[in-house]
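**Student:** Have a look at this one before I ask anything.
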Amino acid sequence: MKAELTRLGDALLAGNVEEVRRLTQEALRLGVPPQAILDTGMRPAMERLGERFSAGLAYLPELLLAADTMKEGMEVLRPAVLRGEVRPEATLLIGTVEGDIHDIGKNLVRMMFEGGGFRVIDLGIDVTCEGFVEAYRREQPDLVGLSALLTTTIGQMEKVIRLIRAEDPRARVLVGGAPVRQAFADRIGASGYAPDAAAAVKVGRSLLGLG
Ligand code: B1M
């Protein structure tokens, strides 16, 4: 079955939706636990692609294609997810900060986390500090992700971090976006920074001790 799941991963990276659906259904029919289909077939393939993307060996369209194809595979697994047979690794609460409507990068980060087995709550764009805090209180996520693309809006991140930490001093907050740098992230007290969507999953997992 390992070979079948490797083929599933390859089909996912090739963006072959039909093959991904077929191989996922076949694996289920043969009694492979849905969690194993995710952990042994789909996720390692996304991680491989993520590493190539971070190294500049794969490009944005490939990442988008694979993430979209994975969504189709996940649709096949949806009944199992609803039955609780696939457990999310953790919950990410993500959004683009107030005053900023850029969301292409944020959406990519969301897709990569979903591909990495996370449950993602996406607050969208132009999210106020209060909006983040209310959602944090309500959802109790394991990780908060803040995205900003403007030099005029990255300052919002510091405010969100301060307010969320007032709520929960141990809150873990990951920041990113084109104008954000590690030194800035350190200065505003973020738990982590990632330069791209693939690195975001890596840093996020490591912040949560998921390896
Ligand atoms: Co805007 N824009 N834009 N824009 N826009 C930039 C960012 C800009 C650099 C263009 C320029 O002037 N060269 C400039 C900012 C300058 C600055 O602040 N120093 C700019 C400006 C000025 C503006 C407006 C003010 C223009 C105007 O109206 N006068 C305006 C602002 C509106 C607002 O937000 N209030 C504006 C509007 C827009 C559009 C609506 C037209 C559109 C956005 C559409 C959308 O997002 N739905 C847009 C676009 C498309 C861009 C550019 C061209 C492309 C951004 C993008 O999507 N990149 C951009 C120029 C550029 O970047 N070259 C620009 C692709 C995306 C995959 O990359 O978002 O960087 P990125 O995400 C990466 C990483 O940053 C990282 O991972 C992603 C994938 O690997 N990442 C994270 C992102 N979030 C992360 C979170 C993480 C971790 C990693 O953890 C949680």
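The values are calculated or read from the model by the stated rules, or taken from the named source; none is laboratory data. Just so we're clear, the structure is a prediction, and the values are computed from it rather than from any experiment. Here Cβ is always computed from backbone atoms with ideal geometry, including for glycine, and neighbour counts include all displayed protein chains.
**Student:** Checking Gly211 against (1) surrounded by fewer than 15 Cβ atoms within 10 Å (Cβ to Cβ); (2) at pLDDT 95 or above, which single condition isn't satisfied?
**Tutor:** For Gly211, the exception is condition (2).
**Student:** While we're on this one: Can you tell me which condition Leu150 does not meet? The list is (1) within 19 Å of Ile188 (Cβ to Cβ); (2) hydrophobic (A, V, I, L, M, F, W, C); (3) not in a loop (DSSP other than H, G, I, E, B), and all the others hold.
**Tutor:** Of the numbered conditions (1) within 19 Å of Ile188 (Cβ to Cβ); (2) hydrophobic (A, V, I, L, M, F, W, C); (3) not in a loop (DSSP other than H, G, I, E, B), the odd one out for Leu150 is (3).
**Student:** Same structure, new question: Tell me, which residue of the range 175-197 that is of a type in the set (Gly, Ala, Ser) and more than 7 Å from the ligand (Cβ to nearest atom) is nearest to the chain's Cα centre (by Cα)?
**Tutor:** Across the range 175-197, the extreme among qualifying residues is Gly192.
**Student:** With the structure loaded, tell me whether Gly145 is among the small types (Gly, Ala, Ser), crowded, with 16+ Cβ neighbours inside 10 Å, within 13 Å of the ligand (Cβ to nearest atom) and not in a loop (DSSP other than H, G, I, E, B) or whether it fails that test.
**Tutor:** yes
**Student:** Looking only at the range 94-113, decide whether some residue is more than 13 Å from the ligand (Cβ to nearest atom) and buried (at least 16 other Cβ atoms within 10 Å of the Cβ).
**Tutor:** no
For every residue, the table says whether it meets (1) under 17 Å from the mean Cα position of the chain (by Cα); (2) among the aliphatic types (A, V, I, L, M).
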| position | (1), (2) |
| --- | --- |
| Gly105 | yes, no |
| Arg110 | yes, no |
| Gly117 | yes, no |
| Gly145 | yes, no |
| Gln156 | no, no |
| Lys159 | no, no |
| Pro169 | no, no |
| Leu207 | yes, yes |
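**Student:** Which of (1) surrounded by 16 or more Cβ atoms within 10 Å (Cβ to Cβ); (2) in contact (Cβ under 8 Å) with a residue 12 or more places away in the chain is the odd one out, the single condition Ala58 does not satisfy?
**Tutor:** Every listed condition holds for Ala58 apart from (2).
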